[in-house]
1. Taking the radius of gyration and the Kirkwood hydrodynamic radius from Cα positions alone, what is the Rg/Rh ratio for segment B:132-319, to two decimal places?
2. Which peptide among B:33-45, B:240-252 comes first, and what is the full order, when sorted by highest mean count of other Cβ atoms within 10 Å?
3. In degrees, nearest 10, range 0 to 90: what is the angle between the Cα axis of helix A:76-88 and the longest Cα principal axis of chain A?
4. With unit charges on the beta carbon (Lys/Arg positive, Asp/Glu negative), name the residue among B:V18, A:T55, B:A62 whose Cα is farthest towards the positive pole of the charge dipole of the protein assembly as shown.
5. Per DSSP H run of at least 4 residues, take -39500 (n - 2.57); add these up for chain B, divide by its residues and hand me the 222 nm value, nearest 500 deg cm²/dmol.
6. Per residue of A:301-313, count partner chain C-beta atoms within 10 Å of its C-beta, then hand back the mean as an integer.
7. Within 10 Å of each Cβ of A:173-183, how many other protein chain Cβ atoms are there on average?
8. Please work out how much length the chain gains when fully extended from A:A144 to A:E168, using 0.36 nm per residue of separation minus the C-alpha to C-alpha distance, in nm with one decimal.
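None of the figures in this text is laboratory data; all of them are computed from the coordinates on show. Small disclaimer: the values here were computed from a predicted structure and weren't measured. Every residue, glycine as well, gets a Cβ built from its backbone with ideal geometry; the counts of neighbours run over all protein chains shown.
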There are 2 protein chains.
Amino acid sequence: MASHPVVAIVGATGAVGVELLHCLERRNFPLSRLKLLASARSAGKTMRFKGQDLTIEALEEASFEGVDLALFSAGSGISKRFAAAAVKAGAVVVDNSSAFRMDAEVPLVVPEVNGAAMAGHRGIVANPNCVAAIATMALAPLQARHAIRRLHAATYQAASGAGAAAMEELRQSTAAALRGEAFEPKVLPHPYAFNLFSHNAEMDPVTGYNGEELKVVAETRRIMGMPELPIGITCIRVPVLRAHAMALTVEFEEPVTPEQARAAFENAPGVKLVDDRERNYFPMPSDASGQDDVLVGRIRADLGDPSGRSVALFVVGDQLLKGAALNAVQIAEALLRR
Amino acid sequence: MASHPVVAIVGATGAVGVELLHCLERRNFPLSRLKLLASARSAGKTMRFKGQDLTIEALEEASFEGVDLALFSAGSGISKRFAAAAVKAGAVVVDNSSAFRMDAEVPLVVPEVNGAAMAGHRGIVANPNCVAAIATMALAPLQARHAIRRLHAATYQAASGAGAAAMEELRQSTAAALRGEAFEPKVLPHPYAFNLFSHNAEMDPVTGYNGEELKVVAETRRIMGMPELPIGITCIRVPVLRAHAMALTVEFEEPVTPEQARAAFENAPGVKLVDDRERNYFPMPSDASGQDDVLVGRIRADLGDPSGRSVALFVVGDQLLKGAALNAVQIAEALLRR
């Protein structure tokens, strides 16, 4: 790839698109030109980048001419429809949708975890599901030292995973609740103000798992290179704006102490230990929001496993950053270094 | 006990106290007189009960003269200080605090689960921790048919568990956040608006478990009569007002199918199955709030246990009702029937 590529953001006006723009700017990504693509509805509007107003263009197949790197974040329908055109035009696609994540020819990458997987890409690199990205940031440093045998996860997922409109619905429905007024949900299927609900992704009626849970299982296994890892999971949407939290219980092949687990995180890139028992201070969405690092804490022996093989921890990461835009830009940076 | 006892509520003005009064009224508890006791600060104020204004009296040792049944809900300090006086005056105490829950001479009771344990009481019956009460309502029907070997729980706990002031802080801090204003938490140690945090109970620096988690483990074991049951647990406070949710993974001695687990709940008293995969409709705090029943759903095989021995479920119950006031009044009703 050119050392100063022409970059396109597909879906520039979405919650992730806005963060992609911010990440490129604050990380001083060495692009020669930035092209903002979105639906015809947004065409002609402008967005600010490095002190300039960039005009949004309507996405079409011809949009990718001259583009070296295309960051897609407009849903899997758009990715399926336009990624091939981008690749054909000579761009490398970093795709934030689920369209290609389980395609054997498309690497699924968290750079700190499995960056080497990018080597064989054929024009598309997939950016993982937000929970999978954040969870694997916590799992990989452990797996590097102690073989993982099993995982249990319960998530506390923010509105941002359902997009900017869901974040706004959380705000508006909460304001209505505080005024004592009724509110009819439009974006999400359930009341969100001071409420929580099983993740709204489509439910598989046979297994009773929703699409989010099945994605997290499949993608976590793929990113970790552990295709058989048993993963028990419950995905819950909570009334938080933009950081996902998760209670993880990791079972290892051999006994592992909390101290050993904690040591694994001490120099882990992109991970910040927030594990202060004295002050009762642990990872929180309010601290993770707007932060690149994934916060890891509450590291302790699992009381549910008297064999000493299991460690419990609590992990929080910004859904829009490490769960989406930041990871995509980190993939792009790695592609550039190759 | 007299068939129409004189009943006292200790801590009548608290979040649970108010619900105790409501439960006695709507369940038409056959009391001959209701006495409201609270701190000197509240003395002289009135509360409405069955169309009458009852005047709150300041709690003192002499308050229990003539009282047959004293429902305590004013924290464990008050219970430790005044329960003996109530018993000495001839009252039976139903104590909602943690003061006596692990006292071998005090039964710890969820009537649907271990009502028979009340038989040996010596004047005090303890009402469990809210998570333990709600969780055991879901565990007992399972255990009645299939031996449980292990439990994992991640909780999503409401503000009400920290009292009426915490509920108000959630409302006020959220209103401030929506206005873009700063808010200094006074009741809880962390920002609560659109945030969540590890439960604020005192942390045990050695094990890394907080007091809430240790209570849930000890009390669940005691109520279930399974003193060795391994229970892995993470307790998290979420920005919900008054219903606790929990993701439970139950491991059995033998394989159990989701259908077998579901069947166990079909006639379980106090439990309502909310498990509609077609509509993606499962237990939510907004549905559980103000309801007596504990909602159970998302019953499915645990993907984390390929042996088929584990079932995952999602459970929600009103923290102030089955988690506190309702259970206390149900204990009182059972005492009356004896």
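1. 1.00
2. Peptide ranking by packing, descending: B:240-252, B:33-45.
3. On a 0 to 90 degree scale, this one is about 60.
4. After comparing all options, I get A:T55.
5. That calculation yields -8500 deg cm²/dmol at 222 nm.
6. Details: counts 4, 6, 11, 12, 4, 3, 1, 0, 0, 3, 0, 8, 2.
Partner Cβ neighbours, averaged per residue: 4.
7. 2
8. 4.6 nm
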